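Heads up: the structure comes next, in structure tokens.
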Ligand SMILES: Nc1ncnc2c1ncn2[C@@H]1O[C@H](COP(=O)(O)OP(=O)(O)OP(=O)(O)O)[C@@H](O)[C@H]1O
Ligand SMILES: [Mg+2]
């Protein structure tokens, strides 16, 4: 099939040709934006799900939804190394500068930038331009030294200005699992502090299921401010549609057994669907149909691509001990796994491997669905590890299933 017209789009955050199965979340979000815009209360969304299920794509779609209502959308992605306070100041700065470009409410805009200046000074952040632009600091707002309070001061400056201009602001924060517990709690408590003010201001997030578990006050606030939908693999009918709809636009048709096979191989995981769809399209010999034979021919190519891209990128900077732990997990077959059994497979005690296990959770490669249980955050990672005996401690007798 003509590779130029290949519609499939495997890649981190790459918009799919057909965004299927997420309508309910998009509708919920759309209603929330509209409610906040008219001063009503609304819960935002904190998406959680495994790698490659489509969280980033959905978060970007939220951004487009907000923009379609005239709101300003500013995005950030947490990383293992990133400075949270700095990145919040940058988000606020970008939002304020975009809002002040409107020239309405100029006095309020100056005040907001002054508040940002106070925040930066209090949190020892290098000047972000508002110094050189000569905005006077506004003492007593966002400079208390308590992060939740100071974030509330910043957010309310943004929300106030947006309201004065008849618009709104959305911040999206991707990879929330990399925030520390304190940072996430400060963000939530800060948001809660301004939630009574009915501002057109919203934060939406996405993260792995290893998102820190909040405790106490922060937790009950989080439940009031956010719903936590689990973004998962697509059910068979929708997974089929993710492949068939974009092809139909190009007047190409998938044979039912070909679609069935891909859905079976990929378990409906969006990233895998895009990769298998792409390879099957490229190897297909006909010009109108993609057949089961095409899919079978595409399997090794798709696996190669996934192994060298999606999976390898995840294993990237792990230490030997971490790889050995991952290999011990994989040797037990598909997860989830009892931590004790993984430790035994490594020939060690649970407490001996505890630090390695914690490091893997911190890196976002594993998560603990329940106490004493561990699993990969990357779907079908066990099969990848078993496909690559260069990994430490792989049990060569472990069987291959599906992808
Ligand atoms: N609803 C969907 N239907 C079809 N394809 C989708 C859907 N959502 C995402 N995809 C595709 O899946 C791939 C992964 O999407 P995305 O990067 O958003 O996942 P993610 O959950 O953010 O992954 P990670 O945790 O690794 O960041 C992309 O190639 C995207 O085009
Ligand atoms: Mg993502």
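Is it the case that residue 214 is assigned by TED's automatic domain parsing to the domain that holds residue 162 and more than 21 Å from residue 374 (Cα to Cα)?
Judged against the criteria, residue 214 is not a match.
Hey, residue 51 hits all of (1) closer than 15 Å to residue 205 by Cβ; (2) within 16 Å of ligand 2 (Cβ to nearest atom) but one; which does it fall short on?
(1)
Quick check on my filter: what residues within segment 47-78 are more than 10 Å from ligand 1 (Cβ to nearest atom), touching a residue at least 60 places away in the same chain (Cβ under 8 Å) and touching a helix residue (DSSP H, G or I) at 6+ places or on another chain (Cβ under 7 Å)?
Once the filter is applied, which keeps residues that are more than 10 Å from ligand 1 (Cβ to nearest atom), touching a residue at least 60 places away in the same chain (Cβ under 8 Å) and touching a helix residue (DSSP H, G or I) at 6+ places or on another chain (Cβ under 7 Å), segment 47-78 yields 62, 66, 69, 71, 72, 73, 74, 75, 76, 78.
Select, from 90, 56, the only residue that is part of a helix (DSSP H, G or I) and either within 12 Å of ligand 2 (Cβ to nearest atom) or within 21 Å of residue 14 (Cβ to Cβ) (or both).
Of 90, 56, the one residue that is part of a helix (DSSP H, G or I) and either within 12 Å of ligand 2 (Cβ to nearest atom) or within 21 Å of residue 14 (Cβ to Cβ) (or both) is 56.
Residue-by-condition table, conditions (1) under 18 Å from residue 3 (Cα atoms); (2) touching a residue at least 60 places away in the same chain (Cβ under 8 Å):
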position	(1), (2)
277	yes, yes
281	yes, yes
288	yes, no
299	yes, no
311	no, yes
316	no, no
324	no, yes
332	no, no
336	no, no
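Before we move on, is residue 279 within 26 Å of residue 235 (Cβ to Cβ), at pLDDT 95 or above and touching a helix residue (DSSP H, G or I) at 6+ places or on another chain (Cβ under 6 Å)?
When the stated conditions are applied, residue 279 passes them.
If you go through segment 23-43 one residue at a time, do you hit one that is within 16 Å of ligand 2 (Cβ to nearest atom) and out of contact with any helix residue (DSSP H, G or I) (no Cβ under 7 Å at 6 or more places or on another chain)?
no
Run down 15, 10 and say which single residue is free of Cβ contacts under 8 Å to residues at least 60 places away in the same chain, under 17 Å from the mean Cα position of the chain (by Cα) and either farther than 20 Å from residue 270 by Cα or within 16 Å of ligand 1 (Cβ to nearest atom) (or both).
15
Matching residues to (1) over 27 Å from residue 32 (Cβ atoms); (2) within 16 Å of ligand 1 (Cβ to nearest atom); (3) modelled with pLDDT of 95 or more:
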{"site": "195", "(1), (2), (3)": "no, no, no"}
{"site": "213", "(1), (2), (3)": "no, no, no"}
{"site": "217", "(1), (2), (3)": "no, no, no"}
{"site": "248", "(1), (2), (3)": "yes, yes, yes"}
{"site": "263", "(1), (2), (3)": "yes, yes, yes"}
{"site": "299", "(1), (2), (3)": "yes, no, yes"}
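The values are calculated or read from the model by the stated rules, or taken from the named source; none is laboratory data. The structure presented is a predicted model; accordingly, all values stated were derived computationally and were not measured. All Cβ positions, even for glycine, are placed from backbone atoms using ideal geometry, and neighbour counts span all protein chains on display.
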